Structures are given as C-alpha cells and as structure tokens.
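Heads up: the structure comes next, in structure tokens.
The values are calculated or read from the model by the stated rules, or taken from the named source; none is laboratory data. Only a predicted model underlies this, so the values are computations on that prediction, with no experimental measurement involved. Cβ placement follows ideal geometry from the backbone for every residue including glycine, while neighbour counts extend to all protein chains displayed. Heads up: the accessible areas ignore ligands, DNA and RNA and are worked out on the full protein's heavy atoms, side chains in. Shrake-Rupley method; radii C 1.70, N 1.55, O 1.52, S 1.80 Å.
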Amino acid sequence: MKLLESFVPCADEVWRLHNLREPDCLHFQKWCDEGGTLNGDGRTATRQGTYCCTPSGQFLGSANHRDPRRIAAMLKEALRKWKEIKKEDRLLKEDPVKTWEQIDRSEKKYPADGMVLRVNSRDMPRTGLDPNDWRTHAWNFDYAWFKKDEVARMLPKTLGKKTEWRLPDDLVRRLVRIHLVDNVRGQTGGYRPEAVEDAEINCEVTRIKKNIVTIKLTGKVKQQQDGRGVEGTMLGEALYNTKDEKFDKFEIVVLGTRWGATQYNRREDDRERSPIGYVLHLASDHPTEKIAPAEFGSYGWR
Amino acid sequence: MKRTAIALLLLLPLAAISSANELTDASYERVRKHVLPSAEEEAWRKNAWRTTFWQGVIDANKEDKPVMLFAMNGHPFGCT
C-alpha cells in the first residue's frame, strides 16, 4: 500500500488498449512490449499484466504475476528508473485532458439518470470441491445499465396497494441473456436472443408508506445454447421513491443451476449441472462502479 | 399412525436437501450472503484507483508521479 502511494494506480481493459487506434490505445502500444511480451508471442497473445510508465510514455516496468512480492519488486525498480528521468522528459507537454475528449469509451454512456445494477455471481456450495482451489471460492461481477426511459417503463401508470405487473419483456430478456451468465470463474459471452426459453420478472406492490412503494419481485429464467445453460428462480424487493422518481432499492436474488462451458470461463472440467447464485442490487456512485457492462456492445445503445 | 410418523421422519433429509436448493423467503438471506463478496474480497476498492488508463495519465501528469496500470481482458473492476 505504501509503495503504491508513489504511483497513480489505474486499471483498464487490455484488449481495447492493445488493438484499437484511439489516442490512449496508441499511447499504450508505444511502450507496452518494451519489457518483453508478458504472455507469449504471436498476434493473438494478450497483453494482460501490470505495467508502469511515465505519463509521457516511457516504459518503466511490467509483470504478469499473482505473487505480490514480484509485483512489488517490479514497482520498486520502476520507481528507481522514474527518479533518474528528468521532469520535462517524464511528463506530457500537451494537456492530456484535451485528449480525453477524443477518446471513445463505453463508460461515457454511463446512465447517470437511469439505473445501474451490480450483478454478482458465485457458485453455491456443493460436495466434492477442494477448499484450497481458488475455483471453489471464485466470484465475479458485472454491471447492468438501464436508461432513464427504460426505468420509467418498468413502472405501471398507477401504483396502488396490490398492483401487479410484469417488467417489460425486452428489458428482462436483455438482463438475463447478457448478465445471468456463468462468469463465476472467468468472462463469458451472453446468450443469443433465441436461447432464452423463459424469462420473466413479476412485481407486486406490498406496501405504500408516504412516498415509498415496496414492491415484491419474483421471476424465473431458463436459457441454453451450444451445450451450456442457466435456469433458476428469482426473488427480491424494490423500494420506489415516488417523490424522487427513482428506486431507492432494487435487489433480486437468483438461485439456479448452470451447466456447460465456454472458451474462457474455466469450466472445461466442470460441465455437469451445478448450483449457482446471483445477487443483483443497485450499484453505488463510487468511480469503480461506473464500469460499462462487459457485453455493452450487445445493448445496441447509440 | 406410527408408520406414518416413521415415513415422515425418513422424508426429512430429502426435504432438507430440497429446501437448500429452493429460493424462498427463508433461504433468501442465506443465498444473498453467500453470493455477495466479503469485506476482504472488496478491500481493493480502498486504493485510489482510476478506472481508465487515460485518467491515470491525466492525474499522474498533474501529480508528477509514474502510472501503474493493471490491465486485464475484461475490465478488472467489472467482469474479467
């Protein structure tokens, strides 16, 4: 932690940095391989890892390792190199804030006036797993975005005691096929629209107190394609604030079963049906919770 | 009566297994707690992370510090 205070720490998605022609990507590509490619050779080799550089783009070090001691050693060496470089050489002469305006990122479409759900996933307990294996405790998360008009469409025209309705089919189907996926051990693609066999979220007003409407959420999902699938039931609660016209709470727990594997989700030896759980809840305003959905391209937002 | 009681007792373990895999008001909190990350698993948020490489460059240029970039396939603060 102390060592990290000497740096400005940042995190980013590496495929984009390594492959696109945006200004920030070109900046990264200038120096990323100076310490050697971190994950083998060849055009498809990923550049995943930890890197150090000067703002001006001088390479200071790189490593891709889970051992914190190796990363700390790389950081110390990078700091030593940094101190040897003159200030005018290590900083950018042009204001990098201006460059930010030229960079096209999904995060710029963050729905500040809409709703963002954090979707957490983890395997449910089962017998036969090794407690010392990281995969037993693996968990993942992603963000599901909804625009302001989509949130408005989630509500009926009038909210009275015992009012019942279903969330719009298109929004529920997008949510389940892109976000209720088996990403527990690693990233995976969503499902094609035709893979969704069953997807619904039902709402029922259970209480109205002043400007807060309590809504019970129940639902189900079943989707499968190419030998993989997820099915389960949903239960949750939402609190809609009629004064602020926003949800103060929106939480859904999904308990179900997953099966099959995809190229990168590390299920190659775990394809049988097994229990999986999800918790969807409102994301905070913390900067680290404003990351775009992994499959944002599938949203079709312009 | 006695036979019925024995039969019900034999069915209890099955019922327990079944309820463990069902989402009900009773099991909701247990499932929720199991899935959500612990405080230890979320400890990484305590660092002053910038969420893009370029924001790191902007701040490093202003603060005269080197950039440390953690880059993964899939954003490390989202699904990776």
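Values as computed for the structure displayed
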| item | result |
| --- | --- |
| Selection from the range B:21-44 of residues that are facing another protein chain (nearest Cβ under 7 Å), open to solvent by less than 40 Å² (accessible area, probe 1.4 Å) and in a helix (DSSP H, G or I) | B:TYR28, B:VAL31, B:VAL35 |
| Hits in the range A:50-60 (condition: open to solvent by 10 Å² or more (accessible area, probe 1.4 Å) and touching a Leu at 6+ places or on another chain (Cβ under 9 Å)) | A:THR50, A:SER56, A:GLY57 |
| Failed item, numbered, when A:GLU107 is tested on (1) facing chain B (nearest Cβ under 9 Å); (2) open to solvent by 20 Å² or more (accessible area, probe 1.4 Å); (3) in a loop (DSSP other than H, G, I, E, B) | (3) |
| Residue count, the range B:59-80 (criterion: assigned to a helix (DSSP H, G or I), at the interface with chain A (Cβ under 7 Å from one of its Cβ atoms) and surrounded by fewer than 23 Cβ atoms within 10 Å (Cβ to Cβ)) | 3 |
| Some residue of the range A:37-49 being open to solvent by less than 40 Å² (accessible area, probe 1.4 Å), in a helix (DSSP H, G or I) and not polar (S, T, N, Q) | no |
| Selection count where residues are of a type outside the set (Gly, Ala, Ser) and within 18 Å of A:ALA294 (Cβ to Cβ), scope the range A:1-24 | 9 |
| Count of the range A:239-278 residues which are outside any loop (DSSP other than H, G, I, E, B), surrounded by fewer than 20 Cβ atoms within 10 Å (Cβ to Cβ) and of a type in the set (Gly, Ala, Ser) | 1 |
| Test for A:VAL14: is it open to solvent by less than 40 Å² (accessible area, probe 1.4 Å) and either facing another protein chain (nearest Cβ under 7 Å) or touching a residue at least 40 places away in the same chain (Cβ under 8 Å) (or both) | yes |
| Condition met for A:GLY232 (under 25 Å from B:THR80 (Cβ atoms), assigned to a strand (DSSP E or B) and either open to solvent by 10 Å² or more (accessible area, probe 1.4 Å) or of a type in the set (Gly, Ala, Ser) (or both)) | yes |
